[in-house]
Structures are given as C-alpha cells and as structure tokens.
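**Student:** A single structure is presented below for examination.
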Amino acid sequence: LVDHLVRSSPLSASEATRVVAEAVAYFAEPVQDFVRRRHTELRNRGWHNDRIFAALRTELATRRVSPPALSARQLRRIVYG
C-alpha cells in the first residue's frame with residue numbers, strides 16, 4: 001500500500017508510511033475507546049448527549065467492521081461507566 005501511495009500520489013515514502021499507520025491505528029481502535037474519544041470531541045464542540053449519542057450510533061455503523069448497534073444507554077455506560 002505504501003508503494004502504491006508513493007507511485008500514485010505526491011507523498012514521499014515516509015509520508016505514505018505515516019498515512020498508512022494512522023489509518024490502521026484508526027480502524028484498530030476498540031469501540032469503547034472510539035466512543036469515549038468521540039464523545040469528548042463532540043462535547044468540546046458544545047454538543048449535548050442526545051445529539052452526541054445519535055451521531056455516535058451513525059458513525060459506528062459506518063466503521064469498516066461495525067459493532068452491533070448500541071443503544072443510547074449502552075453508549076452512556078461506555079462513556080460514564
């Protein structure tokens with residue numbers, strides 16, 4: 001993939017390696033970590049939980065390997081314990 005990116009884009013080998021590593025890390029992030037991270041990001045934007053949990057359900061459904069659908073209650077338990 002790195003070789004392909006180097007051939008087909010203006011990225012250098014080190015830049016392509018970093019891009020691939022970041023993409024792999026993003027998709028390897030466990031659901032609980034993703035939910036907590038995104039909740040914090042959206043909360044920092046001033047969003048309220050109802051809107052955050054709706055957005056999280058949508059985002060989780062579009063992940064490469066999506067988890068089973070989580071309810072607002074399940075998301076709340078991930079965030080707040």
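The values are calculated or read from the model by the stated rules, or taken from the named source; none is laboratory data. For clarity, every value in this text was computed on a predicted model and none was experimentally measured. All Cβ positions, glycine included, derive from the backbone under ideal geometry; neighbour counts span all protein chains shown. SASA here: full protein model, heavy atoms, side chains in, ligands and nucleic acids out. Shrake-Rupley method; radii C 1.70, N 1.55, O 1.52, S 1.80 Å.
**Student:** Please go through region 8-46 and give me each residue that is over 12 Å from the mean Cα position of the chain (by Cα) and surrounded by 13 or more Cβ atoms within 10 Å (Cβ to Cβ), ordered by number.
**Tutor:** The answer is Leu11, Glu15, Ala16, Thr17, Arg18, Val19, Val20, Leu42, Arg43.
**Student:** Of everything in region 41-81, what is among the polar types (S, T, N, Q) and over 30 Å from Leu1 (Cβ atoms)? Give them in sequence order.
**Tutor:** Listed by number, the residues that qualify are Asn44, Asn49, Ser71, Gln74.
**Student:** Looking at Leu60, is it assigned to a loop (DSSP other than H, G, I, E, B) and on the phi < 0 side of the Ramachandran plot?
**Tutor:** So Leu60 fails the test.
**Student:** Still on this model: Filter region 47-58 down to residues that are without any contact (Cβ under 8 Å) to a residue 24 or more places away in the chain and touching a Lys or Arg at 6+ places or on another chain (Cβ under 8 Å) and give me whichever is most open to solvent (accessible area, probe 1.4 Å).
**Tutor:** Ala55
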